[in-house]
Structures are given as C-alpha cells and as structure tokens.
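Visitor: Take this structure, written in structure tokens, and hold onto it; I'll ask about it next.
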Amino acid sequence: MENQTKICLVGVSNFARSHHKCIRQMEREKLAELSCVVIRHPEKYPEDVKRYREEGMRIYDSYEDMLASEQGRVELVCLPTAIPDHSHQTIQALEAGYNVLVEKPPAPTIQELDAMIQAEASNPGFCAVGFQNQSQNTVRELKRQIGLGRLGKIRSVRVKAAWIRTDSYYHRNEWAGRFEINGRYVLDGPTGNALAHYLFNALYWSEPTWGEAAIPAEVTAEIYTAHLIQGEDTAGLRVMTEGRTEITYLVTLAAEREYHPITYIEGDRGAAQWKMGADAVIWSDESGQGEVILNDGQSEHDEVFRNAIKYLRGEAQELNCPLRMTRPYVLALNGAYESAGGREQIPDPYVRRYEAGGEMHTELKGINSAINECFRQRALYSEMGLEWARPSQPFRLKDYQEFNL
C-alpha cells in the first residue's frame, strides 16, 4: 500500500459516513488507504471505535493531535464536519502541510472563505470542495457546451426544488437548522447547505469560462421558515451576475410533495435542461432538435475523492471543484441574507404540521404550486402576491468583504 494516498477522515457520524464509503471505494481501486480517523467523542461511537481498532487504525480524539502526529504520513485530510468548523479546520490543516477535501459549503461567510483561500495560497497543499455535481459527467459536459457557445450568451438560469425534511433532520446534530451557534455563523438551510449544489450549479453554468463560476453583482432574496427552527427552510433568490445573467432560485424543505432539483438554462441561441440524477438535454436554435447528454450513472461522490487523489498524484490536471471557484457561491449566499435581512417565520395559518411514519412533518401550504408558478414567471414569492411573503430590496455585492448580520 506504499503508493496509495494516505487519508485521515475527521468524524464518523452523519455525512462522515458518506466520506467513509467513498474512501473505502478508493481503497478497492488501490488509489488510497484510510490511515487514521478523528473521533472526538469515542465513547459515543463504540462500534466504530471497535471496528477501527480491529483494523489496526490509528484513532485520535483531538484534531490538533492528529495534525501534529501525522505529518509526513497522511496526505489528504477529509473534513465532513460541522459547517462552522470548516474554515478554521481547513486553515489548520493547510498550515500544517496537508491537502484538504472539505465538505460543502466550504464556509458560511465570505470572510471565512477568503481566509481559507489565503491559507491555501500561502501553503503548499490544496483544498478541494465537496460540491460533487462538478464531478458529474452531465454537469461538466453541459459546462463545456456552454463554453463552446452552443447556447450563445446565457440570459437566464432557473432552479426549482422541493424536498421534505422532518423534525429528525433538524435533531441530527447541534447546528442543523441554525443561523448561528455559539457566536459562529452556520446559515444552515436549503441555500446554505441542503440544496446549495444547485445555486452553485447555476453560477457555474452562467460563466462560459472553464473552471470558473459567475460572480454575483446583486442579490434580491426572500428567506423563510415554516419549521420551528432558527434558520431557513424556504428561499427565493434572484441573482444578477456581473455578466448580466439572471438566476432565479426557488427551493423549500417544507414541501407538500417532493421532487428533485430541475435547472433550465436559456441563452440567446438555445436552451438546456438538467435534472438531478437524469440525462441533460440541449436545444440549439441551429437545429431545433434536442441533444441528450447521457448520465453515465457513475457516482459523483466517489469521483470527488478520485479526482482529489489523482490531482495530488499528478495524474489529473485540475480539481473539479477548487476552493477559489466556490467564492461566487458564498457571495451569493451572504448577499441573500443581506437582502432579506434574515429569515421570516411563516405564520401558523399557512403551515401544516402532522405526524406520519413516526416522523413529525412540517408543510408550507401551497408551496409546490407557488414554486412552479414562480419558476415559470422568473418571479419571487412576494411578486406573486402570496400572503405570507414579504418583499425585499436588492443588495449589491461590489467590494463586499464581510458578512455581519
């Protein structure tokens, strides 16, 4: 196993289990070896501790101890950790000489992200971000076609998604559904976490240059919650990029019925549609025929790790999602909260709470049809006259450097 990339996984619960699964796949491909793990509270995870000890794995209960002890052995530190920990843990690892794969979102605020970017620039290691869609063949091929001018100038991108999240989703850890915790920003919600991929995709496709995402110039946003949580569960954003592409982003985690994200891209020479887990389709004005980009069915989660490992080994020329490419997303996220001024609690008459399957559900009445109509008209909720919706003002992001709401 001498030629395999040595990995440290930080954490064992929640999304760390997804990282663990991907690392094990990399082991089967003879690309990597899980060399050590960090379990801050080993008493809470006796089965995991037992399994790792049986494998002869080094186990640390301190992240700092691991960084000090594993220099020269571990090459890649994987951070599927709490959102408010991403920035300082990434910086610590980079400054200690490691490479990093941090889960999305890379950071909740632009000042934290900029500190991460500076740490990467000042140290020999790299930081990849777990926006896994950028490792999916349909997403990347659609980006290539946009770069080749197949759709012409991208005029608008529309995103809609309706997911259901029960109370247990918000009880899975201490920061879930939080705006902040212990004085540190979290901004957890569909825009800041669960559906963040699809806002980032919209920015990615709005910019024709390979390896870049469009920079947001202005954001108008409405941010709400139907759940009894501190953070958001429903959002509507209008983002105008510096290149004058208009992005409409409409999402909820309090849906009546669930459907996966759909993105529709319009250019002055054609259009395209992308659906999560499906084929993508391009319609070109030149032919009028739909051209299908087949989903290859490969795991984009695995490819995030495969790409980072091959980049580290010099076998890949680029990271699919480098840290710097995510800056426009964090700008848009912060601009959304600045525009909305925080989140608005949906009044009780518009919310249905009920138990089903042993889970407590929260449903925003009529949200599915509201999202569909807003998507059709490129409108925000207040612009459709919804009684629970409140209009907001555009927020300009020129020279924006600090989120402090």
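Visitor: Surrounded by fewer than 24 Cβ atoms within 10 Å (Cβ to Cβ), out of contact with any Lys or Arg (no Cβ under 6 Å at 6 or more places or on another chain) and more than 30 Å from ARG390 (Cα to Cα), is that true of GLY290? Before you say what the answer is, go through the steps one by one.
Guide: Working: surrounded by fewer than 24 Cβ atoms within 10 Å (Cβ to Cβ): yes; out of contact with any Lys or Arg (no Cβ under 6 Å at 6 or more places or on another chain): yes; more than 30 Å from ARG390 (Cα to Cα): yes.
When the stated conditions are applied, GLY290 passes them.
Visitor: Here's something else I'd like to know. Considering only residues that are surrounded by fewer than 23 Cβ atoms within 10 Å (Cβ to Cβ) and touching a strand residue (DSSP E or B) at 6+ places or on another chain (Cβ under 9 Å), look in the stretch 179-194 and name the one that is farthest from PRO105 (Cα to Cα).
Guide: Per the stated criteria, the residue is PHE179.
Visitor: Additional query: Given the conditions (1) farther than 24 Å from HIS171 by Cα; (2) assigned to a helix (DSSP H, G or I), which single one is not true for GLU318?
Guide: Only one criterion is unmet by GLU318, namely (2).
Condition check ((1) at pLDDT 95 or above; (2) touching a strand residue (DSSP E or B) at 6+ places or on another chain (Cβ under 8 Å); (3) surrounded by 14 or more Cβ atoms within 10 Å (Cβ to Cβ)) across all residues:
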| site | (1), (2), (3) |
| --- | --- |
| THR362 | yes, yes, yes |
| ASN368 | yes, yes, yes |
| ARG378 | yes, yes, yes |
| GLY385 | yes, no, no |
| LEU397 | yes, yes, yes |
| TYR400 | yes, no, yes |
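Visitor: Scan the stretch 246-262 residue by residue and report those that are surrounded by 24 or more Cβ atoms within 10 Å (Cβ to Cβ) and either more than 19 Å from HIS361 (Cβ to Cβ) or β-branched (Val, Ile, Thr) (or both).
Guide: Going residue by residue through the stretch 246-262, those that are surrounded by 24 or more Cβ atoms within 10 Å (Cβ to Cβ) are 247, 249-254.
Of everything in the stretch 246-262, those that are surrounded by 24 or more Cβ atoms within 10 Å (Cβ to Cβ) and either more than 19 Å from HIS361 (Cβ to Cβ) or β-branched (Val, Ile, Thr) (or both) turn out to be ILE247, TYR249, LEU250, VAL251, THR252.
Visitor: Let me ask another. For VAL77, all conditions in the list (1) farther than 19 Å from SER13 by Cα; (2) among the hydrophobic types (A, V, I, L, M, F, W, C); (3) over 17 Å from the mean Cα position of the chain (by Cα) hold save one; what is the number of the exception?
Guide: (1)
Visitor: Let me ask something else. Within the stretch 328-342, track down each residue that is surrounded by fewer than 24 Cβ atoms within 10 Å (Cβ to Cβ), of a type outside the set (S, T, N, Q) and either at pLDDT below 95 or not in a loop (DSSP other than H, G, I, E, B) (or both). So that I can check it myself, show each step before the final result.
Guide: Step one: of the stretch 328-342, the residues surrounded by fewer than 24 Cβ atoms within 10 Å (Cβ to Cβ) are 331, 338-339, 341-342.
Then keep just the ones that are of a type outside the set (S, T, N, Q); that gives 331, 338, 341-342.
If the condition is that a residue be surrounded by fewer than 24 Cβ atoms within 10 Å (Cβ to Cβ), of a type outside the set (S, T, N, Q) and either at pLDDT below 95 or not in a loop (DSSP other than H, G, I, E, B) (or both), then LEU331, GLU338, GLY342 are the ones that fit.
Visitor: Also: Starting from residues that are without any contact (Cβ under 8 Å) to a residue 40 or more places away in the chain and part of a loop (DSSP other than H, G, I, E, B), keep the ones in the stretch 347-396 and report whichever is farthest from ILE229 (Cα to Cα). So that I can check it myself, show each step before the final result.
Guide: Pass one, the stretch 347-396, residues without any contact (Cβ under 8 Å) to a residue 40 or more places away in the chain: 348-349, 352-358, 369-370, 373, 376-377, 383-387.
Going one step further and asking which of them are part of a loop (DSSP other than H, G, I, E, B), we end up with 357-358, 385-387.
Working: GLY357: 21, GLY358: 20, GLY385: 25, LEU386: 22, GLU387: 21 Å.
Once the filter is applied, the top-ranked residue is GLY385.
The values are calculated or read from the model by the stated rules, or taken from the named source; none is laboratory data. As the structure is a computational prediction, the values presented were derived from the model and not from experiment. Neighbour counts are summed over all protein chains in view; Cβ atoms, including those assigned to glycine, are modelled from backbone coordinates with ideal geometry.
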